[in-house]
Structures are given as C-alpha cells and as structure tokens.
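One structure below.
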Amino acid sequence: MADLSPAADSRSHYERMLAGDLYIADDPEIGRRHQHAVGLADAYHRACIAGDEGARSILDEPRGQPR
C-alpha cells in the first residue's frame, strides 16, 4: 500500500488537484490562480458590456497562468 501521508508527497496542492488526488483547497497557489481567473472573467464581462471588439482576446490568455 502506498504512503499517502502529506510528508511522503512532495507535490504542491495545485499539482495534487490537477492529478485528481486529495489536496487542500486553501493553498496559496490555488488561491492566486483562482483570483487571476476571476479577474479575467471580470475583464471579459466589462469589455463585452462596453462593446469592445477585442473582448475575445482576453479569453486567449493561457488559463491558470497569472501574469
């Protein structure tokens, strides 16, 4: 049986989440990526409401890659 203790796993909680393994959701990296996604959604929404033809380009930014 594999050792599932946190000390035996050197991956970040973000890496564990991506792998579908147990993780702690309040990990700072997950929080940063979440806030970045919220910011992109807000920017896209505001650009659409303003009729900005470049709104679509906001969605072209790589997902989960904060600047």
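Within segment 43-62, restricting attention to residues that are under 20 Å from the mean Cα position of the chain (by Cα) and not in a helix (DSSP H, G or I), which residue is modelled with the lowest pLDDT?
Pro62
Looking at segment 10-34 only, could you name the residues that are out of contact with any Lys or Arg (no Cβ under 8 Å at 6 or more places or on another chain), free of Cβ contacts under 8 Å to residues at least 12 places away in the same chain and in a helix (DSSP H, G or I)?
Glu15, Arg16, Leu18, Pro28, Gly31, His34, listed by residue number.
The values are calculated or read from the model by the stated rules, or taken from the named source; none is laboratory data. Since the structure is predicted, the reported quantities are computational estimates derived from the model, not experimental observations. As a convention, Cβ positions derive from the backbone with ideal geometry for all residues, glycine included, and neighbour counts pool all protein chains shown.
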